[in-house]
Amino acid sequence: MRKDAPTEHPVHELVRQRWSPLAFDPARSIDLPTLASLFEAARWSPSAYNEQPWAFIYARREDAKAFDRIISCLVPGNQTWAKRASVIMITAARQAFERNGKPNRHAGHDIGQAAAWMTVQAESVGLRVHQMAGIDPEKCRTELGIPAGWDALTAIAIGFPDSAETLPPDLQARETAPRSRKPMSHVAHAGTFDAPPNFAG
């Protein structure tokens, strides 16, 4: 299933086709070289002072014990569909700079960039990615051994797309709903926050 973005302006095909499905094919596996390439893409994402304040705690479906442990760290609503993914992971961010110990207020931004680069790499090889905020951070810490100074931020499910019909009825409606975004005037501001964008040249 594809749900290409109805963009207002031209974008790269990988950007246009990216979306966050709920339906994953549990019968398909992500091979290890492909999985390594996803993390390699994330590794080369930019970050403030090149601190790379990210960690991805992951499990493949083949490692059932680790996979189920990470799934248990999601809120129940996300567990329903994410358990069908090929790979599940939790992102964690270092909250202070290694260089001087000061708080790193950019850590969330930087880990978001790393996840985005991973997502583009995944799209390029036919995988789908669904990032989610619905996790239990403290359970992540205890179940996954996240040390002090690091915070669990999000979860990421990766796999091969499946039919919306494999989902419960309420999630089928969400899966097949048209895509939408706020208009460009809510995103881009020329010069000041209250100014509209100007792309007319």
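Only protein atoms count toward the accessible area here, which uses a 1.4 Å probe; on the stretch 1-69, the carbon and sulfur part of that area reaches 55 percent. Taking the chain as a Gaussian network of alpha-carbon nodes connected by springs under 10 Å, the highest mean-square fluctuation of the residues ASN100, ASN78, ASN50 belongs to ASN100. Each of the peptides 15-22, 178-185, 157-164 was scored by the mean count of other Cβ atoms within 10 Å over its residues; in descending order, highest first, they stand as 157-164, 15-22, 178-185. Rounded to the nearest 20, the Cβ-based charge dipole of the chain about its Cα centre (Lys and Arg +1, Asp and Glu -1) stands at 140 debye. Normalised by 2.2 N^0.38 Å, where N is the number of residues, the C-alpha radius of gyration of the chain stands at 1.10. Ignoring ligands, DNA and RNA, what percent of the 1.4 Å accessible area of the stretch 126-201 is carbon and sulfur? C and S fraction of accessible area: 57 percent. With the chain treated as a Gaussian network of Cα nodes joined by springs under 10 Å, which of ARG84, ARG94, ARG69 yields the largest mean-square fluctuation? Residue with maximal mean-square fluctuation among ARG84, ARG94, ARG69: ARG69.
Run the dipole for the stretch 1-87 about the Cα centre, Lys and Arg Cβ at +1, Asp and Glu Cβ at -1, nothing else charged, and hand back the magnitude in debye, nearest 20.
The dipole magnitude comes to about 300 debye.
Write down the accessible area per residue of the stretch 64-201 in Å², having rolled a 1.4 Å probe over the full set of protein chains.
Here the per-residue accessible area is 54 Å².
Bridgeable lysines around LYS139 (alpha carbons under 19 Å apart, same-chain partners fewer than 8 residues away excluded): LYS65, LYS83.
Bridgeable lysines around LYS182 (alpha carbons under 26 Å apart, same-chain partners fewer than 8 residues away excluded): LYS3. Remark: the Cα gyration tensor places the stretch 122-201 in the oblate category, a/c being 1.5 or greater and a/b not exceeding b/c.
The values are calculated or read from the model by the stated rules, or taken from the named source; none is laboratory data. Given the structure is predicted, the values throughout are model-derived calculations rather than measurements. Cβ atoms come from the backbone with ideal geometry, glycine included; neighbour counts cover every protein chain shown. The protein model used for the area step is the full one, side chains on, heavy atoms only, and it has no ligands, DNA or RNA in it. Shrake-Rupley method; radii C 1.70, N 1.55, O 1.52, S 1.80 Å.
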